[in-house]
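What follows is a single structure, written as structure tokens, with notes after it.
We did not get these values from a lab; they are worked out from the coordinates using the rules stated. Remember, it's a predicted structure, so these values are computed and weren't measured experimentally. All Cβ positions, glycine included, derive from the backbone under ideal geometry; neighbour counts span all protein chains shown.
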Amino acid sequence: MAELLALDEAVARLVRDGDTVAMEGFTHLIPHAAGHEIIRQGRRHLHLVRMTPDVVYDQLIGAGCVDRLTFSWGGNPGVGSLQRFRDAVENGWPHPLQIEEHSHAGMATRYAAGAAGLPFGVLRGYVGTDLAEHTNTIRQIECPFTGERLTAVPALNPDVSIIHAQRADREGNVQIWGLVGVQKEAVLAATRSIVTVEQIVATIDPTPNSIVLPSWVVTAVCEVPRGAHPSFAMGYSSRDNAFYRDWDAISKDRDSFTKWIDENVLGTRDHAEYMTKIGIAN
Amino acid sequence: MSTDVMTTDAVMIVNAARKLGELAAAGKPVCFVGIGLPSTAANLARRLYTPPPVLVYESGCIGSKPQRLPLSIGDGELAETADAVVSVPEIFAYWLQAGRIDVGFLGGAQLDKFGNINSTVIGAYAEPRTRLPGAGGAPEIAASAGAVMVIMRQSKRAFVERCDFRSSIGFGDGAGDRERLGLRGGGVRWVITDLGVLEPDPVSCELTVTALHPDVTREQVTAATGWAVRFADHVTTTVAPTDDELSTLRALQAF
């Protein structure tokens, strides 16, 4: 059964130096508050995994928490590049970043295999691209039934997966709707999991297209309103597009980035204080 | 952005939207939409033409009808206005890989003469001059969609003899490569730029200029292409955007 914990306690207990950590969310429901807590607690040597590492991974990389990144698209959606990610890959700042690069379809297949308890997943993917030349977790296999050539990618089984969801009940059953991304697969593939939620409610009401992660597949549930900001939670908040645009300027330069992290993340105790500090009313 | 750039962008976007309108009218409405210029053009087509294209986004949205242009492929608007929202593993496996997409609509940083796209690195992979976001959904869109349309501003830097990195495949090294690799989708059929339209030569698969926008010269196109670009036997001139097309585009971009 999931434990209801404060976010700082969940991160302290469940995220360890050197862990493989997947913080998933496809534009929607990105667990920013949890990422900030990992920076506050000074985790190091993490292997981060995510299909679409965006601003929160840029922050973790720039803050020196990350040794390795497995991903398929690392940008600031609709804005441009991730400056800290680029600086790490191009110039090794704050230290070199080892990358393992896939396509979205390949990453989704890897999580699904992880959730299904299989050693690998199979897809028609990567053919004719240069990705397989640089990523040794992309292999050709032959279909045993038709002889067709297909692509195999190994399962992803993170030590800990972290997601944000709309709500959970007091038993720790989690409900997510809207763009559900790959979050269910990420949680089911992981050894441990943390789910931050907008709200803890007495009973979960059925909602169109919602999925439920039963309490017994989740390790910890933490109530963190606006915990996805500047990403959003359908039914609770809208995407703060202005923040994504502003991030480009904040992150462009090492000093302005460091100052921003020091003041807003390291200089605040928790997410509520952080939100007040950056001027967003809860 | 200068007025000239806005205008040439508008010509490019309108021409891409028209192509989606033609495809929808021909019974090929289902478009897998990349963010940025493809999304702008696809949303313009949805407003202008009947039947409209069906917009599919890699965030899991099928049949989105957004009222305003999304900034990212996962804006709430896309999910709220969709016929269906599915998971990311499902959108790639059941919908794209299985062959349910008529046209994949992509952009990129570099495009080469065989329609291969680079969105990964400029320079060497291990020591890139510029690290770009990466391939994302494009490799499998380029492989599996029934046809692919590319929209890109044309310049010598972007239209190159050979991509620094092949993030997604067009025709590989030339005719026969897609068949040899067992790819099921049709590959790049149209490249819409701010200068005109390029299409693969029926024999060599090399991208060839088939249309110029009004007032664009062959010399301009040659100067903005990094390979010795060829022109088709019959190069047409595209119809200038109509007032209706332009005002609809402006209204869309005003949000």
Failed item, numbered, when residue A:239 is tested on (1) part of a loop (DSSP other than H, G, I, E, B); (2) away from chain B (no Cβ under 14 Å); (3) within 28 Å of residue A:79 (Cβ to Cβ): (2)
Residue B:192 vs. criteria within 27 Å of residue B:33 (Cβ to Cβ), within 14 Å of chain A (Cβ to nearest Cβ), hydrophobic (A, V, I, L, M, F, W, C) and crowded, with 24+ Cβ neighbours inside 10 Å: no
One residue from A:72, A:81 being surrounded by fewer than 23 Cβ atoms within 10 Å (Cβ to Cβ) and closer than 30 Å to residue A:129 by Cα: A:81
Considering residues of region B:119-148 that are polar (S, T, N, Q) and touching a helix residue (DSSP H, G or I) at 6+ places or on another chain (Cβ under 7 Å) only, the residue surrounded by the most Cβ atoms within 10 Å (Cβ to Cβ): B:144
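Count, please, the residues in region A:236-256 that happen to be under 13 Å from residue A:62 (Cβ atoms) and out of contact with any strand residue (DSSP E or B) (no Cβ under 9 Å at 6 or more places or on another chain). Break it down into steps so the answer makes sense when it comes.
First, pick out the residues of region A:236-256 that are under 13 Å from residue A:62 (Cβ atoms): A:247, A:250-256.
From what is left, the residues that are out of contact with any strand residue (DSSP E or B) (no Cβ under 9 Å at 6 or more places or on another chain) are A:250, A:252-256.
Residues that pass the stated criteria total 6.
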Answer from B:83, B:112, B:75 - the residue that is more than 11 Å from chain A (Cβ to nearest Cβ) and either more than 18 Å from residue B:24 (Cα to Cα) or without any contact (Cβ under 8 Å) to a residue 12 or more places away in the chain (or both): B:112
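Residue by residue, here is whether (1) within 16 Å of the chain's Cα centre (by Cα); (2) aliphatic (A, V, I, L, M); (3) not in a loop (DSSP other than H, G, I, E, B) holds:
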site	(1), (2), (3)
A:8	no, no, yes
A:11	yes, yes, yes
A:33	yes, yes, yes
A:37	yes, no, yes
A:44	no, no, no
A:68	yes, no, yes
A:90	no, no, yes
A:93	no, no, no
All positions within region B:10-30 that are touching a strand residue (DSSP E or B) at 6+ places or on another chain (Cβ under 7 Å) and either among the polar types (S, T, N, Q) or under 22 Å from residue B:247 (Cα atoms) (or both): B:12, B:15, B:16, B:19, B:20
Subset of region A:121-142 (residues that are surrounded by fewer than 16 Cβ atoms within 10 Å (Cβ to Cβ) and more than 9 Å from chain B (Cβ to nearest Cβ)): A:122, A:136, A:139, A:140, A:141, A:142
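Out of region B:32-62, which residues are at positive phi and either surrounded by fewer than 18 Cβ atoms within 10 Å (Cβ to Cβ) or touching a residue at least 40 places away in the same chain (Cβ under 8 Å) (or both)? Steps first, answer last, please.
Within region B:32-62, the subset at positive phi is B:36, B:60.
Within region B:32-62, B:36 is the sole residue that qualifies.
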Residue A:38 vs. criteria within 14 Å of another protein chain (Cβ to nearest Cβ) and either surrounded by fewer than 24 Cβ atoms within 10 Å (Cβ to Cβ) or β-branched (Val, Ile, Thr) (or both): no
Neighbours by Cβ (under 8 Å, 6+ apart or cross-chain): first from region B:199-213, in contact (Cβ under 8 Å) with a residue 12 or more places away in the chain and within 21 Å of residue B:177 (Cβ to Cβ); second among the aliphatic types (A, V, I, L, M) and not in a strand (DSSP E or B): B:203/B:175; B:204/B:175; B:205/B:175; B:207/B:229; B:208/B:229
Residues of region A:96-112 classified as crowded, with 24+ Cβ neighbours inside 10 Å and more than 9 Å from chain B (Cβ to nearest Cβ), total: 1
